[in-house]
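For reference, the structure is listed below as C-alpha cells.
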Amino acid sequence: MRERQREVQLYRGQVPSPGRPTVAWRQDRVRFWAAIARGDKTGVAAAVAGVSSPVGFRWFRHAGGVNPCLAPTVSGRYLSFGEREEIALYRAQGVGVREIARRLGRSPSTISRELRRNASTRTWRVEYKATIAQWHAERRARRPKAAKLASNDRLRSYVQDRLSGRVRASDGRVLGPEGPQWNGKNKPHRGDRGWVQAWSPEQISNRLRVDFPDDESMRISHEAIYQALYVQGRGALQRELVACLRSGRALRVPRARARQTAWAHVTPEVMISQRPPEVEDRAVPGHWEGDLIIGLKRSAVGTLVERTTRFTMLIHLPRAEGYGVIPRTKNGPALAGYGALTMKDALAASMTTLPEQLRRSLTWDRGKELSAHAAFTVETNIAVYFADPKSPWQRGTNENTNGLLRHYFPKGTDLSRWTAQEINAVAHTLNTRPRKTLGWRTPAEALDEHLRSLQQPGVATTG
C-alpha cells in the first residue's frame, strides 16, 4: 500500500524522483511556479525549471493551478525567501544575530527563532541554508489541519446541493440532459451540460449567513470552496463538481496569464479609431464588416457585410487535406480551414471580384484568423481595421447579420458539411430579403442602384 502511494506521489511530482536531490527538486518547483506567476505557459515554465513538459503539466494539473509553494515574498509578518538568503549569507560571514536583525530590520528574536527552527539538522554541524529553511517554512504553513468541508457533513451537503443539485419540475421530475462525463481535463468541449443549481461559491458563501444567521459552524469562504474543487486532497468535494461551475474550468488561471492578450497582430495603426470618418455615416458604399461564424469540430464560415447596403457575402472555408488524419501539433499547419494564410487568400479571392468602388475598407473583430491583414492589404489595396476589445457594437451591422445567419447555421452544428454553392444560396436569400432600414428594398436592389448611379460602362451589376 505504501509503495503504491509512493508511485502516485512520484507520478504527480509530489516527491522527487529516485536519484534527484531533494533540495534541487524543491528549487525546480520554486522556479516553475515563479514562471507561472509571471504568466508563462506551462510548457515554457517547465523549460525554465529544467524539467520535462509532462512533469510541468502534472505539477500544474494536480495542483489545480494553485501554487503549493510558499510565495517568495509574503506579508511583512513573515520572513521571505530573499530574507532567508541574506540570513544564510550573513551567517556564513560570521555576523551575529543582533547585527543580522539590525540589517534586515527585524527583531533579534525573529532571527534567533529562524536559525533554531529552520536550520538543517541532519548534518554533524547545524547549518542554515535558505532553501532548507524555506522548505521547513512551507511545511509548517501547510500544517495538517482538517478541511472544514471534510469535518462538517452538514456544511458539505449544503455546498454540494447548491453546486450540483438537479433542476426539477413542479412534480419532482429531474429535467435536462445528463451532460458529458468529466475526464479530468480542463473545460469540456461544446455539448450538452447537465442542468444543475450551479450556485457560484460566492453566492453559497454569502447565502450561508442568511440561511444560518446564528450558526457560526455554517460559514465558509468562497476561496475555500474553490480550492476544495481545484486542488486534489484539499477538502471533501469531488473534482468532478467543477463541471457545475459556470465556466466549467477545472484549473485556476494565474492572474498574470489572464492579463495577457493574444492580439499582437493589432497595432495602433489599424485600430478602428483610425478608420476614415466617412465610414460612420454610411453615405459612401464600399466599407465592409467581417467576422467568422464558428461551428462544431473547428468548422467556420466567413461573413462579409457592406455597411451602406447590407449586402452580404459568405466565404467558404473548407478544411485542408489531412484534417482529422494528421495529428494536431503545436504551431503545426492550420487544417481547420481558417488559418491566417488560408483566410487571407479566401477573403482576397472573394473581395477582388467586386468593383474597385466597393473595395474601400474592411473592419474585422480581433480574431487571429486575420493576422495576415498586412499582406491582404498589399494584395487587394483594401485597408483593414480592427474593433476595440469586447466591443461588438462597433461592428453592429455584421453582428446583426450573423444573428440572421444563425437561422441557417445554428450554434453547435458542423458547418463544414455545406458546400460553397449552398452557402452562396443562403447569402442570396439574405440579399433578396426586404429590409426596413433600406425602405423595404433588398440589399441586392440597393447595391445595384448604387452601381447604376456610378454610370460607368463595363461595371457588372448584381442583377
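The values are calculated or read from the model by the stated rules, or taken from the named source; none is laboratory data. Computed from a predicted structure; not experimentally measured. Here Cβ is always computed from backbone atoms with ideal geometry, including for glycine, and neighbour counts include all displayed protein chains. Side chains included, ligands, DNA and RNA excluded: accessible areas come from the protein's heavy atoms. Shrake-Rupley method; radii C 1.70, N 1.55, O 1.52, S 1.80 Å.
Quarter the surface of the alpha carbon convex hull of the stretch 82-161 and you get the mean projected area, 7.7 square nanometres.
Just for the stretch 298-421, what percent of DSSP beta bridges are antiparallel, to the closest 5? Taking every DSSP beta bridge within the stretch 298-421, about 55 percent pair in antiparallel fashion.
3J(HN,Hα) along the stretch 393-405, derived from phi through the Karplus expression 6.51 cos²θ - 1.76 cosθ + 1.60 where θ = phi - 60°, amounts to 5, 6, 10, x, 4, 5, 5, 5, 5, 4, x, 5, 5 Hz, with x in place of Gly and Pro.
The relative contact order of the stretch 370-456 comes to 10 percent, based on Cα pairs under 8 Å that sit 6 or more residues apart.
Structure note, pairs K390/K436; K145/K390; K344/K411; K41/K297; K411/K436: Cα-Cα distances above 32 angstrom occur for K145/K390. The H on the amide N of V384, modeled in the peptide plane, is under 5 Å from the matching H of L362, each at least 5 residues off or on a different chain. If you plug the beta carbon distance of E86 and A256 into 1/(1 + (r/R0)^6) with R0 = 22 Å, you get a FRET efficiency near 0.25.
For the stretch 360-458, what % of the accessible area comes from carbon and sulfur atoms, probe 1.4 Å? Of the solvent-accessible surface of the stretch 360-458, carbon and sulfur hold 52 percent.
Compared with the direct C-alpha span, the chain from E321 to R435 gains 37.1 nm at full extension, assuming 0.36 nm per residue.
Under 5 Å between amide hydrogens, built in the peptide plane, is the criterion, and for R252 it picks out G65, V66 among residues at least 5 positions away or on other chains. Sorting the segments 336-348, 203-215 by their mean number of nearby beta carbons within 10 angstrom, highest to lowest, gives 336-348, 203-215. Cα centroid separation, the stretch 381-402 to the stretch 133-166: 47 Å.
In this structure H428 has an accessible area near 120 Å², from a 1.4 Å probe over the protein heavy atoms.
Simple spin-label estimate for E356 and A37 gives 6.0 nm between the two label positions (7 Å along the Cα-to-Cβ direction from each Cα).
The string of couplings for the stretch 159-166 from the Karplus curve (6.51, -1.76, 1.60, θ = phi - 60°) is 5, 5, 5, 6, 7, 10, x, 6 Hz, one whole number per residue in order, with x for Gly and Pro. Percent of C-alpha pairs per 10 Å bin in the stretch 332-463, short distances first: 10, 31, 43, 15, 1. What the stretch 351-463 shows is 54 Å² of accessible area per residue, with the surface traced by a 1.4 Å probe over protein heavy atoms. When peptides 413-422, 274-283 are ranked by their average number of other Cβ atoms within 10 Å per residue, the highest-first order is 413-422, 274-283.
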